[in-house]
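Before any comments, here is the structure.
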Amino acid sequence: MKIVLLSGGSGKRLWPLSNDIRSKQFLKVVQNGAGEAESMLQRVYRQMKEAGLDADITVATSATQVESIRGQLGNKVSVVVEPERRNTFPAIVLSAAYLYFEKNCPMEETMVVLPVDPYVGEEYFKMLKCLDIAVQDGVADIVLMGVRPTYPSEKYGYIIPAKLGGNLGQGITTHGDLDNGEGKERILPVVEFKEKPDIYMAQELIDKGGLWNCGVFAFRLSYLMGIVQAILGCGCYADVERQYGKLERTSFDYAVVEKAGSVAVAAYNGEWKDLGTWNTLTEVMEEKPIGDVAVSGDCVNTHVINELEIPVVVMGAKDMVVAASPDGILVADKVQSSYIKKYVEDRDLRPMFEERSWGEYTVLNISVDGGGNRAVTKKKLVQAGRKIEETRHQHHLEVWTVLSGRAVISVRGRRHEALAGDTFTIGRGVAHSLQAEEDVVLLEVQIEEDRD
């Protein structure tokens, strides 16, 4: 079994902590069993390993998120980079081609695709093993996981399975039904899909046995490679990358699942939450404030997250979320916070905080003088033992000032032992790198002159 995690998102619904680069799956606002902060990406990876899933894991993502993935998981997973963002159908096609051409996976291998950021219990990952068994037993071309709804919702698509008994019989039995460790699972044929119905229709679908579509798909690699060949006729992975723009910009559900002649579903009964908005995310967060925060004793059901280096004081707040980051400040009623996207989606919001494979940085200031010269000031943290690889900048010069820590900084191939107070001016086109011997904080000023 090969597992593909889809990592996308524009970072609008959890603004200002999330942005185009640091989407919700990278926010370290949930806790593990030891009480340590972790991101949803780190949580899902940890849960898969704890569930005994030894399958290779590949993350499909955009170029802007690669550094965040490497910063949080290192080289523990393979990463497939989309040439451009084109929705889940092209991303899954590209991932299948990567597994086949680059990882040399056999055509009969099971490929399981799921979102990178579900908030779920351990039974969810045991169910992935059930999907693998069902695919290998040939119960259907595509086997889905559906979540048992806890209430009628307009936010999700619905999968309608055949009812037990009747013309469609007793379901599809494989290995005497599937055992996920908690009990037997019956795989049922899918007879219908409904995308985000109104609340009345949602209740009717639930009464029919409808399941929430949680975006989990399983199939043999050969099934999707057949689609790749039919559309693109590719003989190598580079061919798929070059022709990526030819793939329809649509969801995998619409392009493949809803048109497939043989689809089955297994019902998942455990914990599952879509933490896509502030009001749902705060349901799983500890209520204590995060960062330099003071909260009065009369605050009720209020979460405060402060990533700034200035204090935030909240008094008398009820059912509120307050979030402050270098990208902006949000003060909102929790229910109203779910509508934030329309207030920020049209803004040209340059990410002011980024995680990188070597650490992180915050943009402190951007200024343009009367002559059109632009200066960007950043505060960088390079973690001990990590490295800013050698690079050259053709359009700006940089000034590095070490604020704390110890590093080896190389400029034009010449190594320098750098300590707090040391300053380095790096001209355009000059090769430079940094190796942190302990945690290093430095101030970087990028200066770009207007040469027109």
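The values are calculated or read from the model by the stated rules, or taken from the named source; none is laboratory data. Fair warning: this is a prediction, and the values are worked out from it, not measured in the lab. For neighbour counting, all protein chains shown are included, and Cβ atoms are generated from backbone atoms with ideal geometry for every residue, glycine included.
For this structure, a couple of remarks:
- Condition check for R186: surrounded by 13 or more Cβ atoms within 10 Å (Cβ to Cβ), in contact with a Leu (Cβ under 9 Å, 6 or more places away or on another chain), more than 16 Å from P90 (Cβ to Cβ) and of a type outside the set (A, V, I, L, M): yes
- Residues that are under 25 Å from the mean Cα position of the chain (by Cα), surrounded by fewer than 16 Cβ atoms within 10 Å (Cβ to Cβ) and among the hydrophobic types (A, V, I, L, M, F, W, C), drawn from region 218-262: A238
- Total residues in region 156-177, condition outside any loop (DSSP other than H, G, I, E, B) and either modelled with pLDDT under 50 or not assigned by TED's automatic domain parsing to the domain that holds F217 (or both): 1
- Within region 218-244, being part of a helix (DSSP H, G or I), under 18 Å from S262 (Cα atoms) and among the charged types (D, E, K, R) holds for no residue.
- Just one of (1) modelled with pLDDT under 95; (2) over 20 Å from L27 (Cβ atoms); (3) touching a strand residue (DSSP E or B) at 6+ places or on another chain (Cβ under 9 Å) fails for K318. It is (1).
- Unmet criterion (only one of (1) buried (at least 20 other Cβ atoms within 10 Å of the Cβ); (2) modelled with pLDDT under 95) for T110: (2)
- Segments classed as helices (runs of 4 or more DSSP H), wholly inside region 1-106, with at least 2 members that are under 12 Å from the mean Cα position of the chain (by Cα): 40-50, 66-73
- Some residue of region 288-300 being basic (K, R) and in a loop (DSSP other than H, G, I, E, B): yes
- Enumeration of residues in region 197-217 that are surrounded by 18 or more Cβ atoms within 10 Å (Cβ to Cβ) and in a helix (DSSP H, G or I): A202, L205, I206
- Candidates L403, L381, L434 - the one that is among the aliphatic types (A, V, I, L, M), surrounded by 13 or more Cβ atoms within 10 Å (Cβ to Cβ) and within 21 Å of R350 (Cβ to Cβ): L381
- Where strands (runs of 3 or more DSSP E) fall entirely within region 365-427, those with at least 3 residues that are closer than 14 Å to L443 by Cα and modelled with pLDDT of 95 or more are at 374-382, 397-404, 423-426.
- Counting the residues of region 29-84 that are within 30 Å of R242 (Cβ to Cβ) and among the acidic types (D, E) gives 4.
- Residues considered: G429, G371. Of these, the only one that is at positive phi, surrounded by fewer than 14 Cβ atoms within 10 Å (Cβ to Cβ) and not acidic (D, E) is G429.
- Residue among V363, V440 that alone is of a type in the set (A, V, I, L, M, F, W, C), more than 30 Å from N301 (Cβ to Cβ) and within 23 Å of the chain's Cα centre (by Cα): V363
- In region 268-287, residue surrounded by the most Cβ atoms within 10 Å (Cβ to Cβ) [restricted to those that are in contact with a helix residue (DSSP H, G or I) (Cβ under 7 Å, 6 or more places away or on another chain) and in a helix (DSSP H, G or I)]: W278
- The condition of being in contact with a Gly (Cβ under 6 Å, 6 or more places away or on another chain) and crowded, with 16+ Cβ neighbours inside 10 Å holds for only one of V265, V295, V304, that being V265.
Yes or no, residue by residue, for (1) in contact with an Asp or Glu (Cβ under 7 Å, 6 or more places away or on another chain); (2) under 22 Å from W278 (Cβ atoms); (3) small (G, A, S); (4) not assigned by TED's automatic domain parsing to the domain that holds K155:
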| residue | (1), (2), (3), (4) |
| --- | --- |
| A317 | no, yes, yes, yes |
| G328 | no, yes, yes, yes |
| Y339 | no, yes, no, yes |
| V344 | no, yes, no, yes |
| T362 | no, yes, no, yes |
| N365 | no, no, no, yes |
| V368 | no, no, no, yes |
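- Whichever residue in region 307-356 is of a type in the set (K, R) and under 20 Å from the mean Cα position of the chain (by Cα) and, among such residues, is surrounded by the fewest Cβ atoms within 10 Å (Cβ to Cβ): R350
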